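What follows is a set of notes on a single structure, which appears directly below.
The values are calculated or read from the model by the stated rules, or taken from the named source; none is laboratory data. None of the values given here were measured: they were computed from a predicted structure. Glycine also receives a Cβ, built like all others from the backbone with ideal geometry; neighbour counts cover every protein chain displayed. Heavy atoms of the whole protein, side chains included, go into the accessibility calculation; ligands, DNA and RNA do not. Shrake-Rupley method; radii C 1.70, N 1.55, O 1.52, S 1.80 Å.
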Amino acid sequence: DVLTRLPNRQGAGVRLDRMGLDDENPRALLMLFIDLEGFGKINETHGRAVGDRVLQHVGYLLTASLRERDWVARWGDDEFLLVLSNNDRQDVAGLTGRLRDQLKALPVDDAGPPVPYTHLTLPTIYSV
């Protein structure tokens, strides 16, 4: 994805295919789908330039929050996919809580007041 410099949905699919996940090669893997609820209001209220900066901040935050063996992709407009290896649900609950707090603390401004920009929906967890 040019904006966030993360793999896009197609890139994520390729990466998942390369991981060789099947019944004969199981892995402890969790996928978290993150949807930034209310994101459309940011574009409508503050303009697309601010919305783009929000997506860049979120992409950076997600990347910085992961371990080397984990990865993130931009799945859609305001959706991200986190792929986490060898985690238990307690670890994931801690990660999602930290992400929620960090996103609330990351205001994006456009030479004006900070933009309180998201109610983060976390997570839908699928274990593969």
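Quick notes on this structure:
- Residue in segment 73-86 that is at pLDDT 90 or above, over 20 Å from Met19 (Cα atoms), within 14 Å of the chain's Cα centre (by Cα) and among the aromatic types (Phe, Trp, Tyr) present: no
- The residues of segment 39-72 that are outside any helix (DSSP H, G or I) and touching a Ser or Thr at 6+ places or on another chain (Cβ under 9 Å), listed by number, are Arg67, Arg69, Asp70, Trp71, Val72.
- The set of residues from segment 39-55 being small (Gly, Ala, Ser) and more than 19 Å from the chain's Cα centre (by Cα) comprises Gly47, Ala49.
- In the set Arg53, Arg89, only one residue is of a type outside the set (Phe, Trp, Tyr) and at pLDDT below 80; that residue is Arg89.
- Here Asp1 fulfils each of the conditions (1) of a type outside the set (S, T, N, Q); (2) modelled with pLDDT under 90; (3) in contact with a strand residue (DSSP E or B) (Cβ under 6 Å, 6 or more places away or on another chain); (4) under 13 Å from Asp78 (Cβ atoms) apart from (2).
- Single condition Asp101 does not satisfy, out of (1) open to solvent by 50 Å² or more (accessible area, probe 1.4 Å); (2) closer than 23 Å to Pro7 by Cβ; (3) assigned to a helix (DSSP H, G or I); (4) at pLDDT below 90: (2)
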